[in-house]
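The values are calculated or read from the model by the stated rules, or taken from the named source; none is laboratory data. This one's a predicted model, so the numbers in the text were calculated from it and none came from an experiment. Cβ coordinates were reconstructed from backbone atoms using ideal geometry, including for glycine residues, and neighbour counts include every protein chain displayed.
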Amino acid sequence: MFRWYAMQSPKATKEVLMAELVKSGYLEKSGNIKDVLIFGFTQDNLDIDGKDNSLLEGYILLKLDEDYLKPIVKIIESHHIGLFFGPGPNGLPYPVPEEQVREFKKRVRVKKSTVSVGQKVRVTDGVLSGFLGKVVKKKALMAYISVKLPNRTVHRWVAIPNLDVNIKE
């Protein structure tokens, strides 16, 4: 049975991670790793306080065959490829529930948004829905926008999923 496990690694891409595993004796074609999600966001697609890294950088979710969990964990940790989260009483990591992975994937997809500072956006949800604005600042899943209303200008944090960047004027 395949289950998700979380780890952190300084390796940047799936290719680098898999190459390290193969070098360490893991055969990719054995099918013991079904899926790999690697989060290495930078300032281009997820800006947190103007730094060029994020809280998610280096986090990896692996969907592994439970029967092969012990040898894969041993290879990864003994060769300093990464470190798994939440070792249980038997020394193996706890699985991450499928629902949490699904929810996380949804949120990460919107984090890859192309919203950038200075860009014109249209608010698609909430009290400012329908109004055009300009992104003043960006932080994690939020964009600080400036929206001109008839009598005043409103500055407000808006969730990035609630912004449309495909503005046709």
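See the values below:
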read-out	value
Enumeration of residues in segment 125-169 that are touching a helix residue (DSSP H, G or I) at 6+ places or on another chain (Cβ under 9 Å) and not in a loop (DSSP other than H, G, I, E, B)	K138, M142, A143, A159, I160, P161
Among the candidates V101, V110, residue that is at pLDDT below 75 and assigned to a helix (DSSP H, G or I)	V110
Selection status of E15, loosely packed, with under 15 Cβ neighbours inside 10 Å and either modelled with pLDDT of 80 or more or in the same structural domain as K138 (by TED's automatic domain parsing) (or both)	no
